[in-house]
1. Just the residues that are among the charged types (D, E, K, R), touching a strand residue (DSSP E or B) at 6+ places or on another chain (Cβ under 6 Å) and either farther than 25 Å from Gln96 by Cβ or free of Cβ contacts under 8 Å to residues at least 60 places away in the same chain (or both), please, taken from the stretch 10-27.
2. Those residues that are aliphatic (A, V, I, L, M), surrounded by 17 or more Cβ atoms within 10 Å (Cβ to Cβ) and touching a helix residue (DSSP H, G or I) at 6+ places or on another chain (Cβ under 9 Å), I need them from the stretch 192-222; list them, please.
3. Quickly run through the stretch 67-87 and pick out the residues that are in contact with an Asp or Glu (Cβ under 9 Å, 6 or more places away or on another chain) and within 13 Å of Tyr32 (Cβ to Cβ).
4. What residue, among those in the stretch 223-242 that are outside any strand (DSSP E or B), surrounded by fewer than 17 Cβ atoms within 10 Å (Cβ to Cβ) and touching a residue at least 12 places away in the same chain (Cβ under 8 Å), is nearest to the chain's Cα centre (by Cα)?
5. Pick from the stretch 160-191 the residues that are touching a helix residue (DSSP H, G or I) at 6+ places or on another chain (Cβ under 9 Å) and modelled with pLDDT under 90: which of them is surrounded by the fewest Cβ atoms within 10 Å (Cβ to Cβ)?
6. Checking the conditions here, which among Tyr121, Tyr128 is over 20 Å from Ile185 (Cβ atoms) and at pLDDT below 80?
7. Kindly provide the set of residues from the stretch 196-222 that are assigned to a helix (DSSP H, G or I) and over 25 Å from Glu89 (Cα atoms), ordered by number.
8. When the residues of the stretch 29-64 are filtered to those that are outside any loop (DSSP other than H, G, I, E, B) and in contact (Cβ under 8 Å) with a residue 24 or more places away in the chain, which remaining residue is surrounded by the most Cβ atoms within 10 Å (Cβ to Cβ)?
Amino acid sequence: MVKEFRVATGKSPELTPEGTFEIVNKIKNRPYYKEKIPGGDPRNPLGDRWIGLNVNGTMGTTYAIHGNSNKNSIGKYVSAGCIRMYNDEIHWLFEQVPLHTMAIITTSSLSFETIAQNHGYAVGVQSYDGKLVVNGKEAQLKQDLIMVDSRIYIPLRACFELLGGTVEWNAGTQTVTVYTGIRKITHKALSGKAVVNGKTVNITASRFQGNSLMLPLRNMSEISGYSVVWDGASNTVNLTTGK
């Protein structure tokens, strides 16, 4: 599990739908059409982030995970069916969750890990038994790729060096600096941020596996500009510089 959030849901149990729903849109500053409140207005009960869910064919227009205009409503049963979050937390989630992610909404006394397992997700740290292909050639690494809660992690140093980057490690500050192409990337180990050419980018927190700092596969693409593609059919991770 990466993070846990306090939320608000429907005024009555039947208002918030339960099931597995696809995230089909992500909107910043969505207007509140019912009361004609513009997007971004502090009075807007949707806040300024909307993660739309396709519930019963509504295609993200009716149900969503979104922000709020009253932080005191979080943790209560107050909405018309949507899931409300604190605004700073929905900002983080908005950047982390890609379109077409499946969201599970359920009322349960089970742990999050058990709920995930019951829906077919791998939980905990596991070895990744697929292949890593770098610029068209299969790579052999001293440190294996791993899967953590169904998310693939790759060894940061080894992958950047295979792609021609230079990696520097500061043990005192637990900070890694990567030079690749025109990019300078700085990241403090275990944090959820990276700085790319002076601009802060939110990422899923890195982690150590043995002595190797591991980075989520999806974030590798976001901070490096490289093409990072996972082919589920062949169970292969493809990294390319695009040259």
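1. Result: Lys11, single match.
2. Listed by number, the residues that qualify are Ala194, Val196, Ile203, Leu213, Met214, Leu215, Met220.
3. Gly67, Ser69
4. Within the stretch 223-242, the subset outside any strand (DSSP E or B) is 223-226, 232-235, 241-242.
Cutting the leftovers down to surrounded by fewer than 17 Cβ atoms within 10 Å (Cβ to Cβ) gives us 225, 232-235, 241-242.
Checking which are touching a residue at least 12 places away in the same chain (Cβ under 8 Å) leaves us with 225, 234-235, 241-242.
On the way: Gly225: 17, Ser234: 23, Asn235: 21, Thr241: 23, Gly242: 24 Å.
Top of the filtered list is Gly225.
5. Among residues in the stretch 160-191 that are touching a helix residue (DSSP H, G or I) at 6+ places or on another chain (Cβ under 9 Å) and modelled with pLDDT under 90, the one surrounded by the fewest Cβ atoms within 10 Å (Cβ to Cβ) is Gly181.
6. On the way: Tyr128 fails: at pLDDT below 80.
Result of the check over Tyr121, Tyr128: Tyr121.
7. Narrowing the stretch 196-222 to residues assigned to a helix (DSSP H, G or I): 217-222.
Scanning the stretch 196-222 gives no hits.
8. First, the residues of the stretch 29-64 that are outside any loop (DSSP other than H, G, I, E, B): 32-35, 37, 49-53, 63-64.
Narrowing further to those that are in contact (Cβ under 8 Å) with a residue 24 or more places away in the chain: 49-53, 63.
Details: Arg49: 23, Trp50: 23, Ile51: 24, Gly52: 24, Leu53: 26, Tyr63: 24.
Applying the filter and picking the extreme gives Leu53.
The values are calculated or read from the model by the stated rules, or taken from the named source; none is laboratory data. Quick caveat, the model's predicted, so the values are computed rather than measured. Neighbour counts are summed over all protein chains in view; Cβ atoms, including those assigned to glycine, are modelled from backbone coordinates with ideal geometry.
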